[in-house]
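Step one of this worksheet: look at the structure below.
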Amino acid sequence: MNNSIISVLHKIRFFLYPYLILLIACLAIKAIYSKDVIYYTVNGWHFDFGDVLFDYATYLGDGLIVVLICLIALAYNYRKGFLLASSYLITSIVAQVIKRVMNLPRPIHYFTDTSHMYLVKGVVMLNSLSFPSGHSTSAFSAAVVLTYLTPKKQYGLLFLLLAVMVGYSRMYLSQHFFEDVIGGSAIGVFVTVIWLSWIEKKPFIHSEKWNKGLLSLLGSKK
C-alpha cells in the first residue's frame, strides 16, 4: 500500500473504522439471511414520523444536493470543490455502469405479490436498475471527501451517520434492497479513497490559485 493511500486512510479514520465494522456486520447479516427476509424485516419497521423523515433524508444523496454542496465549496476553495465534484462524478459513473450491467429489478418489480409491502404514500416507485444504490454511492463518497477535508476529523462519524441515514432511507422507501445499499456504500468509499490518493499527488491541485475560491474573484474586483 503506497504512502498516498495510507495518508488518505489516516485522515478519514474516524469515518473509516466505524464504516468497516458496520460493513462487516452487514455482510454477516447478508450471509445469514436471504434477500426477501431482510427486505420484509426492514419494511416492517415503519412509523408515521419515519415516512416523513426518510422521505426527506433520501435527498441528501440526490445528485442535485451533492452538486449544490460542490458549488458552495467552489465558492470558498477550488481544490475542495473539485475533490467533491470529481469524486461524485467518478463514483456515479462506476455505479451507473454496474447498474446497467447487472440490470436488477427493484423491490416493487422483484416481488410478484406487492400486497404485503408497506409503501410510503406519495413516493414514486422505480422498478429497474436496482444494484447498486446511486444515492448511497453519492452519500458515502461525499462523506469520505468531507471527512478528508475537514480540520476536525471527528466529524467523520457524523458524516458516516448521515450517509447511513441516506442508505437506510432507500430501503425504508422500498427503492432498494439491502444489497444495493451495501454495494453503493462500498463503491462510494473505496473508489473515492483510490481517487483521492491519486489526484492529491498532483502538484497543480496544491498550487496557490487552486486554494482560492470564486468569492476571491469578487474581492479582487473591489
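Only the coordinates and a few stated rules stand behind these numbers; no lab work does. No experiment lies behind these values; they were computed from the predicted model shown. We place every Cβ from the backbone using ideal geometry, glycine too, and count neighbours over all the protein chains shown.
Taken over the C-alpha atoms, the chain has Rg and Dmax values of 18.7, 65 angstrom.
Normalising by the residue count of the chain, find the relative contact order in percent from Cα pairs under 8 Å and 6+ residues apart. The value is 32 percent.
Semi-axes of the equivalent ellipsoid of region 1-122 are 32, 21, 16 Å, computed as sqrt(5λ) over the eigenvalues of the C-alpha gyration tensor in descending order.
When every Cα-Cα distance of region 103-209 is counted in 10 angstrom steps from zero, the calculated P(r) takes the values 15, 36, 26, 15, 6, 1 percent.
Taking 0.36 nm per residue of separation and subtracting the Cα-Cα distance, full extension of the segment from Ile72 to Gln154 would add 27.3 nm. Straight-distance candidates among the aspartates and glutamates for linking to Lys121, with alpha-carbon spacing under 20 Å and chain neighbours fewer than 8 residues away dropped: Asp48, Asp51, Asp55, Asp62, Asp113. Pairs of C-alpha atoms in region 63-152 farther apart than 15 Å represent 66 percent of all such pairs. Under 10 Å, Cα contacts only: if you run a Gaussian network model on the chain, which one of Arg79, Arg100, Arg13 comes out with the highest mean-square fluctuation? Of the options given, Arg100 has the highest mean-square fluctuation. Dividing the summed -39500 (n - 2.57) terms of all DSSP H runs of n ≥ 4 by the residue count of the chain sets its mean residue ellipticity at 222 nm at -21000 deg cm²/dmol.
The slack in the chain from Ala28 to Arg100, taken as 0.36 nm per residue of separation less the alpha-carbon distance, amounts to 23.2 nm. If R₀ is 41 angstrom, what is the calculated FRET efficiency for the pair Asp55 and Ile194, using the beta carbon separation as r and rounding to 0.05? In this case the efficiency is close to 0.80. Shape index of region 21-76: Rg/Rh, with Rg the Cα radius of gyration and Rh the Kirkwood radius from the inverse mean 1/r over Cα pairs, equals 1.17. Listed by chain and number, the lysines whose C-alpha is less than 30 Å from the C-alpha of Lys201, apart from same-chain residues fewer than 8 away, are Lys11, Lys80, Lys152, Lys153, Lys209, Lys212.
Applying the criteria of a DSSP loop state and at most 10 other Cβ atoms within 10 Å to the trypsin sites (Lys or Arg not before Pro) of region 149-210 yields Lys152.
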